[in-house]
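The values are calculated or read from the model by the stated rules, or taken from the named source; none is laboratory data. Values in this document were obtained by computation on a predicted structure and should not be read as measured data. Note that we place each Cβ from the backbone using ideal geometry, even for glycine, and neighbour counts take in every protein chain shown.
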Amino acid sequence: MTKYIIRRLIGLIPTLFIVVTISFFLIRIAPGGPFDAERRPPEQVMKNIEAKFNLNAPLHMQYLRYMGDIVRGDLGPSFRYQDHDVNFYIANSLPNSLLLGFVALGLALIVGVNAGILSALNQNSWIDYLAMAIAIIGITVPLFVIGPVLMYFFALRWDLLPTSGWITGRYGWITILMPAITLSMQPFATIARLSRASMLEMLRSDFIRTAQSKGLRDSVIIRRHVLKGSLLPVVSYVGPAFASIVTGSVVVEQIFRVPGLGRFFVQSALNRDYTLIMGTVIVYSVILVLMNFIVDIIYSFLDPRITYK
Amino acid sequence: MSTNENKKESRLQTGLQATNEFNQPLKGNSLYKDAWRRLKRNKMAIAGLVVVALYSLIALLAPVLPIYSYKEQQMSHIHLPPSFSETAGEQMLERKIIELTTLAAKDGRVEWTEEDQRLIEQTIEEARERYTDPSSAGGEELTRKEKDAIADAERAIQRARRDIAVEEGRVNLNEEEKAELEAMRRQIESETEVIDGEEVKVHERRYLFGTDYLGRDMLARTVWGGQMSIAIGLIGGITSVLLGLFFGAIAGYVGGKTDYIIMRIVDIMYSMPYMMLVIILMALFGRSILLMFLALSLVSWLTVARVVRGQIISLKNSEYVEAARSMGASSTRIIFRHLVPNTFGIIIVYTTLRIPVFIQMEAFLSFLGLGISAPYASWGSLIGDAVEGMRAYPWRLFFPAIAMTIFLFAMNFLGDGLRDAFDPQSKNKL
């Protein structure tokens, strides 16, 4: 088992390597540089700046040096914000993004699984129809529509929630509600539909009939036999769900002004802030890849049919 | 030689009508007929189909529809709310009247009614009673704090009654303001503008969806934005399905090392945060529609490739392919004559399901300001533009959002219906 985990961990390195390399060269071949301004400073000043940020070396040397730096965990100085280096900005914003992401994921999992189970147990009842109607909305309506519409009604129109702000601000924890709900809608919908479908399939399977004919109580059958099997597809969906949450957070953080990593992402790319873009890409990739890895490991624990070689 | 014989054979067959045991002619049930029959029974899918057809028609006819230009800016028409009954000129006048009377009312030129006076006096009286505390230090004399509180209450009631007076038009405008209004009225009535060689009375326009921050017609922008979004979805969906078909078919048919390499590439791309890479690409290389197609197509063929590969592998081992191979058909012929046509069902389904995904991805980029740029619009860029001012100008958000949501719903119902129609066993799959 340990061997398997280690092998899988090593297998993650090529993916990360490819992502970092592609982004590095993409960024460098893009037109425009971080220090392009309307009025160009004197030649000597530019040279000094380029030397400071190691921009005067040949491209492959810059690449090797950067790879060396990130292996040591140093993401370099920001090209745009002179006060701190990239590590500082990421350390400050990442916790907010992670908190938002995990709250959204938790919300999607808890509400989604329960909605799916209830729908399957009460197939074709109003609970089923309601849950599936909400799920269709979640799958169809993009989050940059859901977010502003929620904000318009709950914050601007009815004045129930603050429009923006963050936990550390004066409104406290309630500020996380709308961004988290917006982010969780799409994964919630998929999880609800997944768990409903697999639960229905499980209910029709032979071993459940056997359990019923043995005279077990329904609640025991559901808890001990049905649930376990029918949650497996949900577990394997957690990876993609988290990916969609991470991507969505770029937009949601902008709508609700959450001080997270997504805020830096688009802005740094527009600013040609080479190191900050690279930093955010690396952090996002590591999170996504690690999340997929953890889910795979959990899955192989839960499903006895999987053998790890 | 063999093809000639084949033709003879098929002619022979058409001559002999197939019959059932009651000697009634049997009609062949093709895959498509069968699918269409199943689709027709699915009410939601048919409703989706109708909506999609309607949207496509509107998008195609956008240049000849009786709507205003999507890029013409009318600086005097900025942020007019949607209205069926009022022309732009009437809305402008109303706005001006409210502006002038509010100023005049602040200036004190309000015709107070008896009710106003009674209410104001009553409120002042109540405030005085509430704030006059006989036990306080000054006794009957009011402290400064108490005086301020009473003055505040007076101001509040006066403001409230003044707003009502403005609404009811009980404000005296002076000559200067009246002249200003009259001049504006005349200007609205007479002003024309030459657009496309025609004299147009621009202030007689009616904006059913309101206008945006540059005085552009939101109805026109929603229709043209829809055209852009649907076109992107259609072209992008077809491109990604073709790419997926190409790689999936090769991987599935050739197998072995080729299959392994292609599928490894697909796996690696799957685990990459590709939307992030697309965002960077767009931010770095500037907004170009072509680049956006390229970037989105590159990342969206993966699922199709997997599905097609699976289908091809199961078809490859079927008896009729074996028969074709034994007759000496080449690989290209087998792939394109036998295998690919048999995956058309899936292709139709996936193209339909890909279109809304593509529209969403494009809208996502445009929302961030990285997709379609001015003067062009897509649903995503319209929504993105509207978020900033949605408290004051909600119509700018709602019309494109509703238009887009209805279309996405219709596409999804149609796609799900098609999938069920082509593959009835997929009923409970996702």
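Within the set B:322, B:362, the sole residue that is closer than 25 Å to residue A:248 by Cβ and at pLDDT 85 or above turns out to be B:362.
Screening residue B:329 with (1) within 14 Å of another protein chain (Cβ to nearest Cβ); (2) touching a His at 6+ places or on another chain (Cβ under 9 Å) gives one miss only, at (1).
Yes/no per residue for (1) modelled with pLDDT under 85; (2) among the aromatic types (Phe, Trp, Tyr):
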site	(1), (2)
A:102	no, yes
A:116	no, no
A:123	yes, no
A:128	no, no
A:164	yes, no
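Among all positions in the stretch A:19-28, there is at least one residue which is surrounded by fewer than 16 Cβ atoms within 10 Å (Cβ to Cβ), aromatic (Phe, Trp, Tyr), in contact with a helix residue (DSSP H, G or I) (Cβ under 9 Å, 6 or more places away or on another chain) and more than 30 Å from residue A:168 (Cβ to Cβ).
Contact annotation: residue pairs with Cβ atoms under 7 Å, 6 or more positions apart or on different chains, pairing a residue in the stretch B:356-379 that is more than 9 Å from chain A (Cβ to nearest Cβ) and within 26 Å of residue B:72 (Cβ to Cβ) with a partner that is aliphatic (A, V, I, L, M) and not in a helix (DSSP H, G or I), are B:366/B:372; B:378/B:372.
Within the stretch B:51-66, the residues that satisfy the criterion of being free of Cβ contacts under 8 Å to residues at least 60 places away in the same chain and either hydroxyl-bearing (Ser, Thr, Tyr) or under 18 Å from residue B:412 (Cβ atoms) (or both) are B:53, B:54. Looking at the stretch B:91-118, which of its residues are surrounded by fewer than 17 Cβ atoms within 10 Å (Cβ to Cβ) and in a helix (DSSP H, G or I)? B:94, B:95, B:96, B:98, B:99, B:102, B:103, B:106, B:114, B:115, B:117, B:118, listed by residue number. Among helices (runs of 4 or more DSSP H) entirely within the stretch A:206-309, having at least 3 residues that are under 16 Å from the mean Cα position of the chain (by Cα) and under 25 Å from residue B:371 (Cα atoms) singles out A:232-255, A:261-271, A:274-302. Which residue, of A:130, A:99, A:161, A:121, is surrounded by fewer than 19 Cβ atoms within 10 Å (Cβ to Cβ), farther than 28 Å from residue B:367 by Cβ and in contact (Cβ under 8 Å) with a residue 12 or more places away in the chain? Going through A:130, A:99, A:161, A:121 in turn, the sole match is A:121. When we screen A:306, A:297, A:282 for residues that are surrounded by fewer than 20 Cβ atoms within 10 Å (Cβ to Cβ), over 21 Å from residue B:365 (Cβ atoms) and modelled with pLDDT of 85 or more, the only hit is A:282.
Answer yes if at least one residue in the stretch B:299-317 is without any contact (Cβ under 8 Å) to a residue 12 or more places away in the chain and loosely packed, with under 12 Cβ neighbours inside 10 Å, and no otherwise. Yes, the conditions are met somewhere in the stretch B:299-317.
Close contacts from the stretch B:143-156, counting a first residue that is modelled with pLDDT of 80 or more and a second that is among the hydrophobic types (A, V, I, L, M, F, W, C) and outside any helix (DSSP H, G or I), with Cβ to Cβ under 8 Å and a gap of 6+ residues or different chains, come to B:150/B:142.
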